[in-house]
Amino acid sequence: MFATIARAIFGTANDRSLKGYQRRVPGINALEPAMQALSNTELAAKTVEFRQRLADGATLDELLPEAFAVVREAGVRTLGQRHFDVQLVGGMVLHDGKIAEMKTGEGKTLVATLPVYLNALAGKGVHVVTVNDYLARRDADWMGQIYQFLGMSVGVIVHGLDDDARRAQYAADITYGTNNEFGFDYLRDNMKYRLDDMVQRDFCFGIVDEVDSILIDEARTPLIISGPAEDSSSLYRQVDEVVKILVQDPTTYDKDEKFRTAALTESGSEKVEDMLREAGVLTEGNLYDIFNVAAIHHVQQSLRAHTLFARDVDYIVRQDQVIIIDEFTGRMMEGRRYSEGLHQALEAKEHVTVQPENQTLASITFQNYFRLYPKLAGMTGTAMTEADEFAEIYKLDVVEIPTNVNVTRKDEDDEVYRTAAEKYEAGAALIAEARSNGLPVLVGTTSIEKSETISELLKQKKVPHAVLNARFHEQEAEIVAQAGAPGAVTIATNMAGRGTDIKLGGNLEMRLRKEASLIADEAERSAKEAQIKAEIAAAHEAVKQAGGLLVVGTERHESRRVDNQLRGRSGRQGDPGRSRFFLSLEDDLMRIFGSDRMGGMLQRLGLKDGEAIVHPWINKALEKAQKKVEARNFDTRKNVLRYDDVMNAQRKEVYAQRKEFMRADDVADTIAEMRADVLSQMVARRVPEKAFSEQWELTALSEDVARVLGVVLPIEEWGRAEGMDETGLREKIEQAADELMASRTASMGPDMMRFIEKSLLLQTLDAVWKEHLHALDHLRQGIGLRAYGQRDPLNEYKSEAFALFTSLLDELKERVTTVLARVEIAPQEPVYQPFMESHPSLDMFGGESDLMLEGSAEPSIWTGQPSRADAVDSNNPATWKNVGRNAACPCGSGKKYKHCHGRLA
Ligand code: ADP
Ligand code: MG
């Protein structure tokens, strides 16, 4: 009540922000005569002038009125369309990085040209995101006339382009493309090995068309690039055969049960190399050549599987599976797997089926992709119902912009029947009647199956109709374009995000393009054009007289937004029209979400067999049910995002780091630091601070060092020297390592060494990152199942993901150091393998939405070193924040954290 009065006096927030924009319109209009007075060349020269003024310190906001006036005039001269005042408002909203809600047919494609042109002046590239390739091409061609007239270049990214073509399109001032293409290009770019191979520039400004469709409907599942279904199972088996024989000779390896590590000895390495070569696993080069990184990794895991893991102690074998046994509780941990290929090595050892590795190479959600843009805007006919979500997730405000002409469409109350059959019958009858009166009819359903049901019914009634099938975008666009012709009946599953608008009488541009644009002869062409125009004008008038487009809904969708999309197809630009929904008690929404009250209410209203009931209460009750479903779906999406956020922070770090490595002339310093880190961690482990020298584990340290450096240093001798302390020993080892590497570099040639270092670093970073993604997957899948008592799974996930990330860094350093110490012959260029890209519609995060999750600050990453945590209570794991994966477990077991409390499977 109070709110209503307040709104009446002060207006809504939307009214106020609209007013602000509207105040700027007269200023733009006032510039029109001056623009009209310019020649084409002078008008185009404005672009150069604006760019100069920007360079001289002007801001985009200052240029806005003139730039908009220039685009409007260019629109008139190229397309014969003058931006309406409300379209200028829409343009300003987009320029401000907000969502412009403008109804279907308001001309959002044209609206976008205003902020696109203005922002492209900065020369950093503007992306316009569409829902499919067809629309990307259409809009780039169509609006491209304006941009090109003004001296700007336009690119379009569609499926099937190669990298060179993509790079060229991204280099344009303005680039149109789909969300999938943009997202995949981002992921692919970050898997490349040279900066020059990347196709995208840094992000600047993005406008997402049909923004609700892309950021809400498609946002429940991430984009995923996965590797080919490489058959590594045979590799695991081959390696297993070799290692099984190898370990019968105990001189071939050293193992440390305390730290659960095992490594080949010098003689073991030689032996395994020969055996692998014989087995055909090594086809060229030596075991430690960089292109054999995978093989050596498999050997190491297999070695661990054979020497450190015992059947019925650490795991059991059951039903063709290796199941981990929790060493503290003795409980079987079904579904959990050891990471980094260890589980597969155990499967090979036990001759059960080697499960395929999860081969996610890269993935990102649309939420996180679009949050990469420093400035983002969106447009759609239906955003208000999801305004909270846009604000919360993307920090995007929604501004509802009034239509150019008032909407006169009549939205009738729903008709509710007892059964679905009655409902369809009634709907079909209305369709048939409308068609015979010359009305075009658009029929909306919620599934392809239901479209077919209606289609069958209409066939029986001999009503010709078209059924939209989402697979063929271009064909579909043509059907939609003609859906406004007299008597046309069109059935569609979901009108959200379909980008083509239905004009009464038919779509002129589409018909001109299809029927006239290809006629070579000028006179013939204009005759044809005139004929089409006349036909459409007559049809337009006839349909208008008959009452405009009739929208028939056969079910309420889960979300109000999708219903609004359907309705909004009718009544564009002040056209007449009406809409009506036919429902039944058997509809999903009614069954699942309509409360018992609904049944009672219908009873009271007197619902009888074969009869419909129509009452505004029902619409209200249904809307409530829809709001419930919307909220639930929002929760699911938020949950996906919360989990992805954890990986997102890490992904950003890794990608940034990768880029830095690629950009660097050489990475020798990084490599040297990594080597020093690895060695100093080893020293810290065996020669703890403040320990008496009698407690130093010098033999073990010597073996550790030999394992990474490949040479035996006189560490025991050094350690026994008079006055030697921890620091001195560490320095001696580091110095020896540096000398060793220096001599390798000298014999290899510094250029070659620098090249090897860089490619090895990138390759290894990718390998450990890939394994990390794999581990995160398992972690996320497992975490919901764990009995955490009062603990919050998201927080558990966060801290474990952080620990895993720390171990990724340790792993990276150690692998790089180990391989470089042994690298022998010239490497080959890394082999690129074809990727598979997917955006699964399946909800892979299902089931977790019921959990109550609480966000907490992201721990900082790349800080590399495991912290010597303060205030750690060995009995209370909650105090062990961020233990390094390779550090000793704080519980005092003497094992590495990753093999003890930090064990993740
Ligand atoms: P939306 O995406 O908002 O549904 P479209 O961009 O597809 O709408 O445009 C709908 C139709 O309106 C198109 O045929 C377009 O040419 C036309 N149109 C848009 N703006 C104008 C204008 N200012 N003057 C004339 N026609 C326009
Ligand atoms: Mg559109």
Cβ-Cβ below 6 Å, separation at least six or inter-chain, first residue in the range 490-504 and within 15 Å of ligand 2 (Cβ to nearest atom) and of a type in the set (Asp, Glu), second part of a loop (DSSP other than H, G, I, E, B) and at pLDDT 80 or above: which pairs? 501/104; 501/105
If I ask for residues that are over 19 Å from residue 346 (Cα atoms) and either surrounded by fewer than 17 Cβ atoms within 10 Å (Cβ to Cβ) or of a type outside the set (S, T, N, Q) (or both), which ones from the range 242-253 would you list? 249, 250, 251
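Yes or no, residue by residue, for (1) modelled with pLDDT of 95 or more; (2) outside any loop (DSSP other than H, G, I, E, B); (3) touching a Ser or Thr at 6+ places or on another chain (Cβ under 6 Å):
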| position | (1), (2), (3) |
| --- | --- |
| 403 | no, no, no |
| 406 | no, no, no |
| 451 | no, yes, yes |
| 474 | no, yes, no |
Within the range 710-733, the count of residues that are under 25 Å from residue 300 (Cα atoms) and touching a Ser or Thr at 6+ places or on another chain (Cβ under 8 Å) comes to 4
Can you name the number of the only condition in (1) modelled with pLDDT under 80; (2) buried (at least 18 other Cβ atoms within 10 Å of the Cβ); (3) more than 15 Å from ligand 2 (Cβ to nearest atom) that residue 458 fails? (1)
Inspect all residues belonging to the range 565-583 and state whether any of them is surrounded by fewer than 19 Cβ atoms within 10 Å (Cβ to Cβ) and in a helix (DSSP H, G or I). yes
Between 646, 640, which is in contact with a helix residue (DSSP H, G or I) (Cβ under 7 Å, 6 or more places away or on another chain) and touching a residue at least 40 places away in the same chain (Cβ under 8 Å)? 646
Listed residues 673, 689; which is part of a helix (DSSP H, G or I) and either over 34 Å from the mean Cα position of the chain (by Cα) or surrounded by fewer than 19 Cβ atoms within 10 Å (Cβ to Cβ) (or both)? 673
For the range 182-201, which positions are modelled with pLDDT under 95 and farther than 21 Å from residue 773 by Cβ? 194, 195, 196, 197
Per the filter on the range 487-516, residues part of a loop (DSSP other than H, G, I, E, B), out of contact with any Leu (no Cβ under 8 Å at 6 or more places or on another chain), modelled with pLDDT of 85 or more and of a type outside the set (A, V, I, L, M, F, W, C) are 503, 505, 506, 507
Looking at the range 538-555, which of its residues are of a type in the set (Val, Ile, Thr) and either touching a helix residue (DSSP H, G or I) at 6+ places or on another chain (Cβ under 8 Å) or not in a helix (DSSP H, G or I) (or both)? 551, 552, 554
When the residues of the range 611-636 are narrowed to those that are within 18 Å of residue 600 (Cβ to Cβ) and of a type in the set (Val, Ile, Thr), which ends up nearest to the chain's Cα centre (by Cα)? 618
Taking the condition more than 16 Å from ligand 2 (Cβ to nearest atom) and surrounded by fewer than 21 Cβ atoms within 10 Å (Cβ to Cβ), does residue 203 pass? yes
I need the full set of residues from the range 104-126 which are surrounded by 24 or more Cβ atoms within 10 Å (Cβ to Cβ), within 16 Å of ligand 2 (Cβ to nearest atom) and of a type outside the set (S, T, N, Q), in order please. 106, 108, 111, 112, 114, 115, 116
Answer yes or no as to whether residue 212 is crowded, with 19+ Cβ neighbours inside 10 Å, more than 16 Å from residue 116 (Cβ to Cβ) and within 16 Å of ligand 1 (Cβ to nearest atom). yes
Candidate set: the range 340-381, residues that are in a strand (DSSP E or B), more than 30 Å from residue 92 (Cβ to Cβ) and not small (Gly, Ala, Ser); chosen: the one nearest to the chain's Cα centre (by Cα): 364
Sort out which residues of the range 62-113 are more than 7 Å from ligand 1 (Cβ to nearest atom), among the hydrophobic types (A, V, I, L, M, F, W, C) and without any contact (Cβ under 8 Å) to a residue 40 or more places away in the chain, and write them in order of number. 76
Tell me which of these residue 535 doesn't satisfy, since it passes every other one: (1) more than 30 Å from residue 418 (Cα to Cα); (2) of a type in the set (Asp, Glu); (3) not in a helix (DSSP H, G or I). (3)
Within the range 370-384, residues within 13 Å of ligand 1 (Cβ to nearest atom), small (Gly, Ala, Ser) and modelled with pLDDT of 95 or more come out as 378
Go through the range 186-205 and count every residue that is within 15 Å of the chain's Cα centre (by Cα) and within 30 Å of residue 559 (Cβ to Cβ). 2
Just a yes or no: is a residue in the range 550-571 over 44 Å from the mean Cα position of the chain (by Cα), within 16 Å of ligand 1 (Cβ to nearest atom) and among the aliphatic types (A, V, I, L, M)? no
Could you tell me whether the range 531-540 includes any residue that is away from ligand 1 (no atom under 16 Å from the Cβ) and on the phi > 0 side of the Ramachandran plot? no
Of everything in the range 372-389, what is in contact with a helix residue (DSSP H, G or I) (Cβ under 7 Å, 6 or more places away or on another chain) and more than 16 Å from ligand 2 (Cβ to nearest atom)? Give them in sequence order. 376, 385, 386, 389
Count of residues meeting criterion [over 30 Å from residue 209 (Cα atoms) and either in contact with a Gly (Cβ under 8 Å, 6 or more places away or on another chain) or crowded, with 21+ Cβ neighbours inside 10 Å (or both)] in the range 393-413: 0
Does residue 164 qualify as being acidic (Asp, Glu) and without any contact (Cβ under 8 Å) to a residue 12 or more places away in the chain? yes
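The values are calculated or read from the model by the stated rules, or taken from the named source; none is laboratory data. Please read all numbers here as calculations on a predicted model, not as lab measurements. With ideal geometry, Cβ positions are generated from the backbone for all residues, glycine too; neighbour counts draw on all protein chains shown.
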